[in-house]
Every structure is written in structure tokens, then in C-alpha cells.
Amino acid sequence: MTPARALLVDDEQDILELLRITLSRMGIDCRTAPDLTAARRFLATETFDLCLTDMRLPDGDGIDLVRQIASQFPQLPVAMITAHGSMDSAVAAMKAGAFDFVSKPVDLQVLRRLVEAALRLRAPLVEQGVTQERSVLLGDSPAMVELRRLIAKLARNQAPVYVSGESGTGKELAARLIHLLGPRANAPFVPVNCGAIPPDLVESELFGHRKGAFTGAIADNPGLFKAADGGTLFLDEVAELPLPAQVKLLRVLQEKKVRPVGGQREVPIDVRLISATHRDLAAEVINSRFRKDLFYRINVIELRLPPLRERGGDIPLLAEHFLTRIARQNGQAIPRLSASALAAITRHAFPGNVRELENVLERALALAEGDTLEARDIYLSETLACETAPPIACSWPEEPTVPTVSLEDSLGEIQRQVILRALEENHWNRTAAARHLGMSLRALRYRLTKLGIE
Ligand SMILES: Nc1ncnc2c1ncn2[C@@H]1O[C@H](COP(=O)(O)OP(=O)(O)OP(=O)(O)O)[C@@H](O)[C@H]1O
Ligand SMILES: [Mg+2]
């Protein structure tokens, strides 16, 4: 493997130097940036395996950098250097997508462990193979064969595509395939969950903003359209866009230019738009929750993903695919599915579609003993509402913890509780738990190892 590369962001020269020396001794190539602007410039032009950033920087907040990395470079682990004893900022950093934090004054041993853990997340080539494999839309049913044919065809043109289908049917996977099979494959694919952005931030997130455009706009933000320039922007849950943002989106699609919030000039952009929602968008139009003109603009080509129950014949193939993948990931032997287990899953209606099947098998694999999955290992809940898992009630300690317990320890305990709870509620499916917690699977895996949860 090539030497690992780290981006270090801090405005205090001696801390920056301390970090650089420590990491260089570990054989890591370092780039140092004294502020957000310099950090963003490095991110735009070079690739990194790790980023460490301070919280307070001369031109903005390190949290913004964490957020940007989490959305634009989800594979890049970023850790926050927090002020001594500041639990709030550590929590905020991790909510924003940091994989860990280290508090000042930096304990070098803690730092080294954190760096080693982050670098273990570096995707080995095999894993990249897995990602490729993950981009395959499986199924031999006539509906899936037709779907793949359509995808290959429309990957070659640039018209906006609207992907419809129930939750868990593979909408995002289809969008990625359209991108991968087309001429934009080497440019970014930027997925955005419109429902996850606070309504008043939607415009600045999508179209960018200029420094000083509104309170809190402490630095320029290029926006997600710009991040996807040359590539594909996937607007997931597009029905959740607030109406004013819909107006602006329509304009952007027509003009092929964006004007960042507070900006004077329009910036040309070249983005292919794919949108999706699990809602009935036509019904949203009738109910005046979605603009008709925008609906027509984004719905130039509609791709409908059939629910799994309409193509039950694909279940055995999908089941085998998921079992192989999950077992490989866990380093387990690939299990067999007994006839009774297969009969049980082919009878099930799967309201949560392919994702539910994947979750059911992951859970079965975690709990099964021996190398054959039996019907009793398969937990199929009729009431399992995969779409809307209840939020996790998180129990913070009521009293400030006793003075002998360190900040790290008490944070660790809170994390352990929240994570265990999420795993339990998602039937020990790590992918689902990570989604529930709003973190990537890699971040969750890292945390599980760190907390010693098996
Ligand atoms: N045909 C398929 N072949 C292989 N894997 C699939 C297929 N369809 C879906 N999956 C897998 O099922 C899971 C859910 O797919 P995806 O996230 O694309 O669904 P979605 O329609 O976007 O769901 P949601 O509406 O909940 O966001 C993913 O792990 C995906 O890889
Ligand atoms: Mg989706």
C-alpha cells in the first residue's frame, strides 16, 4: 500500500507541528492547513486517508469541515480536536459525522491509537471489489431484466431521471448504476437526502452560499450542485423539498447555473439530476405540496422499481447474494439456507422490500449456530415497519457523572448505551443500526471495536 496521507487542520502552529511530527513518525504523509480555506483547497485537489481538525478556526468552525467531509468524502475518516472537557463539542462533532475526537491537551498515545484505528478503515482492494459487487442490481425476473436494460440505455443520455418505488426497493442502487454506466462515471456521484436537511438550510446546502450571506455563514460554501459538477446529483426524498427551494431548483435546472445564497454572480454547472422518493409524487402535486412544473422537469424519464412481492422469484438469488456478502464481511463460513428457511422467506410479503430481506438475513446469520440457517433462525415480523423505525430514546446521565469518571469514559458509556439500543431495535443489523444512528457503517464498525462490543 502507498503511504497513508493525513490532512491536519489547526491554527495553533505548535499543535500543528506536534501532530505532524507524531504522524510522520508513524510513516504518514502530512499536509497542514491553518484554516478552513486552506483545508478545503487540499481536499479539492488531493486525496487523504485521514483528517484531524481543530474546532475553532480563524475562518469558521471545524464542524463545518466535518460535515462537508461526511457528505462529500464519506470514505474519509475525520476526527475533531476538542477543547479540554468539552463534552458538547465532542458530541456535536460526532453527530456531524466525525468518527472520533481527541481532547486538548493532546495525549500522544491516545492520538496514535486513534490514527491507527482510522487507517485500519482504509478500504483494501478486496473491499473495493465488494463495493463494485454492491452496485449490481440483481434479479432474473422479467421486471428486473427490463429494468437493467432501461438503465443501460438511459445511462447514456443526460435527461433527468425520476426513480420511484417503495422503501428498500433499490432506488439508490439504481441511481448509482445509471451514474456508473454513463460517461460521468469518473466524476462524483453526490447523494443528498432532502428530508435530512433542515428546511431553512436547504438552499444554502444545495446551491451554496457566500460568506456573510446570513448569520452563521462564516465562510463560502460551494454547495452540493457544485460538488457534483461534471457528475450526478442524486436528490433522494425529493418530495421533502420545501416549496421555495423547489422554485429555485427549477430555475437551476432550466438555466444550468446556480446562484449561491448571497452571491452576485451565477455559476455555470454541469450536473445530471436523478431524483427519488418513496412517496407518490403525482399525488403530492395534486395536493399542492410539490410544484407541477418541477415535477415535469425532473420526471423526464421515470424508472419504477417493483416491490419485492411482485418478483418473489428473485428472492432465492438475492438471499444467496446477501448471505455470501455478509458472511464474507464477517469472516464467517457461507451458510446454507435450509428448504424450510427458504420456504419461510419466499412466503413473506416483505413490506420493507430488498432492504428488509437483507436485514432479516443479517440478523439470522448473527444468531444462527452451525452452517445451515433453519426456519427458526429467520425472524419475520408482520408488524416490522422497516420504513419508520421509532427514534431511539437516548438516556443521558441525569446528574453530572461522579468526579472520578473521566469525560472519555462517560461519553463511552453513553455511546455504548445508544449503540446497543440501536442494534437491539434493528435486530442486530449493523447496517440498519448505523443508518438509524445517522453514521456510516464504517464509523459504527470502528466504534464497536473501540467499545469492545462484539
Ligand atoms: N436488485 C438488488 N440487488 C441487490 N441488492 C439490492 C437490490 N435492490 C436493493 N438492494 C440492496 O437493498 C438495500 C436497499 O436498497 P436502496 O438503498 O437502493 O433502496 P431504496 O429504494 O433507496 O430505499 P429507501 O427508500 O429506504 O431509501 C441496499 O443495501 C441495496 O444494496
Ligand atoms: Mg434510498
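The distance linking region 196-272 with region 434-453 is 30 Å (Cα centroid to Cα centroid, whole angstrom).
List the longest stretch of the chain that has no exposed loop site; here a site is one of the chymotrypsin sites (Phe, Trp or Tyr not before Pro) assigned by DSSP to anything other than H, G, I, E or B, with at most 14 other Cβ within 10 Å. In the chain, the maximal stretch lacking such sites is 1-213.
Structural descriptor for region 263-374: relative contact order 25 percent, calculated from alpha carbon pairs under 8 angstrom and at least 6 residues apart.
Expressed as a whole percentage, what fraction of the accessible surface of the chain belongs to carbon and sulfur atoms when a 1.4 Å probe is rolled over the protein heavy atoms? Write out the running numbers ahead of the final one.
Working: 11930 of 22610 Å².
Ligands and nucleic acids excluded, carbon and sulfur give 53 percent.
Rounded to the nearest whole Hz, the Karplus-based 3J(HN,Hα) values (6.51 cos²θ - 1.76 cosθ + 1.60, θ = phi - 60°) of region 163-170 follow the sequence 9, 10, x, 5, 4, x, 8, x, with x at glycine and proline. Modelled spin-label separation between Ser24 and Glu146, with each label point placed 7 Å from Cα along the Cα-to-Cβ direction: 6.3 nm. Estimated from helices alone, the mean residue ellipticity of the chain at 222 nm is -13500 deg cm²/dmol (sum of -39500 (n - 2.57) over DSSP H runs with n ≥ 4, per residue). Computed extension gain for Ala38 through Arg120, at 0.36 nm per residue and net of the alpha carbon distance, reaches 26.9 nm. Here the calculated FRET efficiency for Asp293 and Leu201, from their Cβ-Cβ distance with R0 = 30 Å, stands at 0.80, rounded to the nearest 0.05. Toward the positive end of the charge dipole of the chain, with +1 on the Cβ of Lys and Arg and -1 on the Cβ of Asp and Glu, the farthest Cα among Gln332, Gly212, Val102 is that of Gly212.
Counting Lys and Arg as +1 and Asp and Glu as -1, each charge on the Cβ, what is the dipole of region 133-291 about the Cα centre in debye, to the nearest 20? Display every interim value, and only then the final one.
On the way: 21 positive and 18 negative charges, 119 e Å.
Computed charge dipole of region 133-291: roughly 580 debye.
Take every DSSP beta bridge whose two residues both sit in the chain; close to 10 percent of them are antiparallel. When the alpha carbon gyration tensor of the chain is reduced to an equivalent ellipsoid, its three semi-axes come out at 36, 31, 21 angstrom, largest first.
The gain in end-to-end length when the Arg416 to Val300 segment is fully stretched comes to 37.1 nm, 0.36 nm per residue minus the alpha carbon separation. Using only side-chain charges placed at the Cβ, +1 for Lys and Arg and -1 for Asp and Glu, the dipole size of region 256-298 relative to its Cα centre rounds to 140 debye. For Lys292, the lysines whose Cα comes closer than 30 Å to its Cα, not counting residues fewer than 8 places off in the same chain, are Lys153, Lys171, Lys226, Lys248, Lys256, Lys257.
Using C-alpha pairs below 8 Å separated by at least 6 residues, the relative contact order for the chain is 12 percent. Computed extension gain for Ile453 through Glu17, at 0.36 nm per residue and net of the alpha carbon distance, reaches 153.5 nm.
Backbone amide hydrogens, once placed in the peptide plane, bring Ile218 within less than 5 Å of Gly212, excluding anything fewer than 5 places away on its chain. Applied to region 253-263, the Karplus parametrisation 6.51 cos²θ - 1.76 cosθ + 1.60 on θ = phi - 60° returns per-residue 3J(HN,Hα) values of 5, 6, 8, 6, 9, 10, 10, x, 4, x, x Hz, with x for Gly and Pro. Of the residues Ala155, Thr47, Pro260, the one whose Cα sits farthest towards the positive end of the charge dipole of the chain is Ala155 (charges of +1 on Lys and Arg Cβ, -1 on Asp and Glu Cβ, taken about the Cα centre). A Förster radius of 22 Å combined with the Cβ-Cβ distance from Ser338 to Tyr379 puts the calculated FRET efficiency at roughly 0.90. Heavy atoms of the protein chains alone define the surface here; on that basis the chain has 50 Å² accessible area per residue at 1.4 Å probe size. Near the amide H of Val258, within less than 5 Å, lie the amide hydrogens of Val267, Ile269, all on another chain or at least 5 residues away, with H placed in the peptide plane.
The values are calculated or read from the model by the stated rules, or taken from the named source; none is laboratory data. Just so it is clear, the structure is predicted and the values come from calculations on it, not from any experiment. Methodologically, a virtual Cβ is constructed for each residue, glycine included, from the backbone with ideal geometry; neighbour enumeration extends over all protein chains shown. Ligands, DNA and RNA are excluded from the accessible area calculation, which covers all protein heavy atoms including side chains. Shrake-Rupley method; radii C 1.70, N 1.55, O 1.52, S 1.80 Å.
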